[in-house]
1. Taking amide hydrogens as modeled 1.01 Å from N in the peptide plane, which residues meet the under 5 Å criterion relative to residue 46, leaving out close sequence neighbours?
2. So which GluC sites (Glu not before Pro) in the range 261-330 pass both tests, a DSSP loop state and at most 14 other Cβ atoms within 10 Å of the Cβ?
3. Over 26 Å between C-alpha atoms is what I'm after, so list which of 317/642; 469/560; 228/287; 484/543 land there.
4. Report, in listed order, any pair from 449/682; 367/644; 513/688; 52/85; 172/367 with a Cα-Cα distance greater than 29 Å.
5. Restricting to the range 418-508, what percent of DSSP beta bridges are antiparallel, rounded to 5?
6. For the range 540-556, just list the computed ³J(HN,Hα) in residue order, Karplus coefficients 6.51, -1.76 and 1.60, θ = phi - 60°, integers in Hz, with x standing in for Gly and Pro.
7. Please determine, in degrees from 0 to 90 and to the nearest 10, the orientation of helix 635-645 with respect to the longest principal axis defined by the Cα atoms of the chain, where the helix direction is its Cα long axis.
8. At 10 °C and a viscosity of 1.306 mPa s, what translational diffusion coefficient does Stokes-Einstein give for the range 167-245, taking Rh as the Kirkwood radius over Cα pairs? Give it in µm²/s as a whole number.
Amino acid sequence: MSDEIKIIIDSIYREKQSNNLTITGWALNTNSKSAPVISINNQEQVTSYDIKRVLREDVNQIYEVDTTVLAGFEIKLEGIQKKTKLEVLFTSESGQSSKSEWIDLAKKHPLIPGTEDKLARLMIKVHKGVSYLKRNGLKSTIQRVKIEKIRKQSSYPSWLERTEHFDFEQIKAEINAFQYQPKISITMPVYNVEEKWLRRCIDSILIQDYQNWELCMADDASTDPKVKELLTEYSQLDERIKVVFRPSNGHISEATNSALALATGEFVALLDNDDELPRIAFYEVVKALNENAELDLIYSDEDKIDMEGNRSDPSFKPDWSPDLLLGTNYISHLGVYRTTILNEIGGFRKGYEGSQDYDLVLRFTEKTTSERIKHIPKVLYHWRMLPTSTAVDQSSKGYAFEAGLRAVQDALVRRGIKGHATHGRANGLYDVYYDIESEELVSIIIPTKNGYKDVKRCVTSIIEKTTYKNYEIIIADNGSTDEKMKELYESFKQQLNERFQVVVIDIPFNFSKINNIAAKEANGTYLLFLNNDTEVINGDWLKLMVSFGQQERIGCVGAKLLYPNNTIQHAGVILGLGGIAGHGHYGYPHGDLGYFGKLALNVDYLAVTAACLLMKKQDFEAVSGFDEDFTVAFNDVDLCLKVKALGRDNVWLHEAELYHFESQTRGYDDKGKKKKRFEKEKVMMENKWATLIEDDPFYNPNLTREIPNFSYRD
């Protein structure tokens, strides 16, 4: 029966000039666990066609099918003659059952991504905009459009024109002067890749200015005879090119391990068989190694390249960020690894196909230290955008994200960390939840002067919503004169008993000193500094913050703060942004994913705002608390930087959510004495933390310092 044949069409794309179609999907006989035979019934409607079978690991896993079964397919139709419907027939191996899919040749199928004309690209943007509108509402969509309009004032092609200027003679002279010239082994698994993409990939290695490399390729039993011919041709062309032909298909992890077995270099670079490297790639890597020969892992920024060579969508990454890495594989490409460690951990693991690089880097970084990991903030890798590639359509490889989740969960187990991981808000994003080992007391310190409505709203939301119950609230009262405050305090005292106290601090306003005095009265293992003009949204906010704060390596923990209109007020502090320090993603809609998902991930930053900041009391005391010379501005940034200097990681949590009615109590520092005080404290920050203000390791230097929208830097 035809019901036993299941067919899914994933995509139908067309070429811009010829209108030739590429159809991708999968088909499986669910009874016999075999791939049906594919044929074209009315062949006269096209001048030629090509049917290629490909492995679909997600399908094989779901239906428990042997890995030799190639359920996936790629059908290329050339020279469309009649704009009617084309019948693609799927017949079981026995010939007893069949099923048809009809392809509408008259339909204006979407272009291969990156090859669209301006009108087509506009329509794609409109479609994405409609989807965004459905998810986030009209106001948020309008706000996002405003942000995007500012970002687009600097396009990536124009940024490339301004920034990518190379003196190759000078580069060659530098290479000749390098004291340390290690061999880099490029490992590349190959499987049925189209000839032109494989040639471009290999040619991008041959033109490298740094010449001490070897290319180790493992053909994973490609069924296309042209692949073997081409690999043989290149191996005969250059003695640095090595090829092994696997007798059977083992998929990407085993194939990469076969390539790795050929490697004799001190370092291994990972490269996919249809991607490209810029000619400066290995020069930049070895330049970094000459600055620090002890490095174990070097990674770079990356972008995407379409079928016509146009570059887009750069990923400008931060330096080493352990919490971000547990949420997504931000390291990705170009990644260059010390060979001895790769061998120690056994290379790639079978069963993690699609996220094998992610699993590898999680295991690899457990064997080294942050000082031996280097990020090069330059685009040294170009991902090829093809209709079936993850670079274009992440839904095309659902199995990859399941493998990624297993990789994160495995990392927790290996590291002896109690907790679990889940899928995040988008493909390739993951959330880690740590078990709270001991529900220690948290001292919530809330400074105020009067502010009856603010304090009532803030404390009431804590009492009514917070699921973590072992807390005390300390009101640091800075000379309130409103009689209603006493009544309010008494009502909270009746609800919380000894868990609520008021510390009267009747001194001239000094935010740092007020918090320091209140902290001395705290009984908690943790201190949580909280502005009086906040309101709890997510009841698990404190539970989440404690779960991270309990980790020995973690110092300050920050929360996502929203304005009442549901736009971002705080999502991590970036040094150098807007001068001294600013809030990234400021003004973004609540439902937005942010720059490469960073509004939906737990992210490492140098600092978080003390409007909601949790830390261990022992760390607070170790750095002597807030610096009281910072009376109003930058005291929280300074505190976080001091904690960072202890060797701690400061983390911002995307699910710890509160509203923040910012500066409603004291106003802004923009006039008279307040402005002078602000300028003074600004100079203090510049004198104390100039290096980090100039180069925040968690913010890429290719991104703007002017506004918090992650556009390109002039």
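1. Residues meeting the criterion, in which the H sits 1.01 Å from N, are 81.
2. Those that pass, being in a loop and sparsely packed, are 294, 308.
3. Pairs exceeding the cut-off: 228/287; 484/543.
4. 172/367
5. Among the beta bridges of the range 418-508, antiparallel pairing accounts for roughly 30 percent.
6. Those phi angles translate into 8, 3, 6, 4, 4, 5, 5, 4, 7, x, 6, 5, 4, 7, 9, x, 8 Hz.
7. Long axis of 635-645 versus the principal axis of the chain: about 60 degrees.
8. Rounded to a whole number, D works out at 116 µm²/s.
Rule-based calculations on the coordinates, nothing more; no lab input. As the structure is a prediction and not an experimental result, all values here were calculated from the model. Reconstructed Cβ throughout: ideal geometry from the backbone, glycine too, with neighbour counts over all protein chains shown.
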